[in-house]
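The structure under discussion appears below in the form of structure tokens.
The values are calculated or read from the model by the stated rules, or taken from the named source; none is laboratory data. Since the structure is predicted, the reported quantities are computational estimates derived from the model, not experimental observations. Cβ atoms come from the backbone with ideal geometry, glycine included; neighbour counts cover every protein chain shown.
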Amino acid sequence: MKVVLLAGGMGTRISEESEYRPKPMVEIGGKPILWHIMKSYSYYGFNDFIVCAGYKQYVIKEWFADYFLHNSDVTFSFKNGKNEMRVLDQHCDPWEVTVVDTGLNTMTGGRIKRIKKYVGDEPFMMTYGDGVCDVDISELLKFHKSHGKIATMTTVIQEQAKGVIDIGPDYAVKSFREKSSVDGVPINAGFMVFEPKIFDYISGDDTILERDPMTKLAADGELMSYMHKGFWQCMDTIVEKNKLDKMIEAKNAPWIKWE
């Protein structure tokens with residue numbers, strides 16, 4: 001199953017870093033947060049990624065272009081007037097990464113619509129390229145398969161203003177609304193699972209996934225919540241980046257399961 005990562009936004013609230021690189025390429029613990037998210041999926045055996053790039057998309061492509069070299073032991077030989085490189089050993093993850101330029105100003109839903117041909121007619125997972133979580137991906141996928149609906153989103157309880165979810169006793173999402181106040185109710189944490197029918201809910205580049213598509217899915221009874229009671233943290237600001245850095249430095253980073 002493919003994993004789609006939204007990595008095209010401009011990250012204006014963390015401009016100290018995003019002036020030079022896309023927000024998903026901002027480093028925590030010496031590695032881009034995008035790498036951390038991919039490692040989380042890879043830990044559960046999901047290694048096929050589609051990165052929806054946009055703002056400074058070349059930075060993402062160049063980073064992956066150098067990934068094999070930077071994670072290998074190599075010999076460079078210039079003997080006899082030659083320029084040769086021999087790979088002695090490599091320490092790369094078994095990933096296949098497709099980086100797609102989904103446009104500079106394309107909205108979140110539009111970015112997903114643009115990679116439809118790379119996903120094919122099969123279910124896929126999706127998350128944002130700026131948040132880490134210790135959710136059990138295997139259990140999330142099991143829950144999605146159990147209910148037979150089009151979409152599952154991971155939700156967490158956070159006392160901050162994010163997209164707010166109203167969940168019924170059967171775990172069906174009754175409504176989905178944009179942030180309005182700090183009200184300590186379930187919020188959208190990303191880490192979603194979609195059936196191919198999700199593309200029917202997205203009209204084009206101007207579609208914001210968290211508005212019309214999610215609202216319509218909820219109204220149709222096709223959006224379910226996987227409630228996660230563990231760790232989740234987005235990286236919208238430099239303060240949140242520093243918080244994640246400190247957790248890694250203290251070896252208290254719940255999302256890092258692969259070590």
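Here are the numbers for this structure:
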{"read-out": "Those residues of region 1-46 which are surrounded by fewer than 16 Cβ atoms within 10 Å (Cβ to Cβ) and touching a strand residue (DSSP E or B) at 6+ places or on another chain (Cβ under 8 Å), in sequence order", "value": "M1"}
{"read-out": "Wholly enclosed strands (runs of 3 or more DSSP E) of region 64-118 bearing at least 1 residues closer than 27 Å to R21 by Cβ and without any contact (Cβ under 8 Å) to a residue 40 or more places away in the chain", "value": "72-77, 84-90"}
{"read-out": "Pairs where the first residue, in region 190-210, is within 22 Å of C234 (Cβ to Cβ) and the second is surrounded by fewer than 23 Cβ atoms within 10 Å (Cβ to Cβ) and among the basic types (K, R), C-beta under 8 Å, 6+ apart", "value": "T207/K113"}
{"read-out": "Subset of region 103-133 (residues that are closer than 30 Å to I238 by Cα and surrounded by fewer than 17 Cβ atoms within 10 Å (Cβ to Cβ))", "value": "L104, N105"}
{"read-out": "Number of the condition not met by T152 [criteria: (1) assigned to a strand (DSSP E or B); (2) modelled with pLDDT under 95]", "value": "(2)"}
{"read-out": "Flag for P186 being buried (at least 16 other Cβ atoms within 10 Å of the Cβ), closer than 29 Å to S146 by Cβ and modelled with pLDDT under 95", "value": "yes"}
{"read-out": "Residues satisfying the stated conditions in region 155-182, i.e. polar (S, T, N, Q), in contact with a strand residue (DSSP E or B) (Cβ under 8 Å, 6 or more places away or on another chain) and modelled with pLDDT under 95", "value": "Q158, Q160, S175, S180"}
{"read-out": "Count of residues meeting criterion [of a type in the set (K, R) and over 19 Å from the mean Cα position of the chain (by Cα)] in region 196-228", "value": "2"}
{"read-out": "Residues being out of contact with any Pro (no Cβ under 7 Å at 6 or more places or on another chain) and assigned to a loop (DSSP other than H, G, I, E, B) - total across region 31-63", "value": "4"}
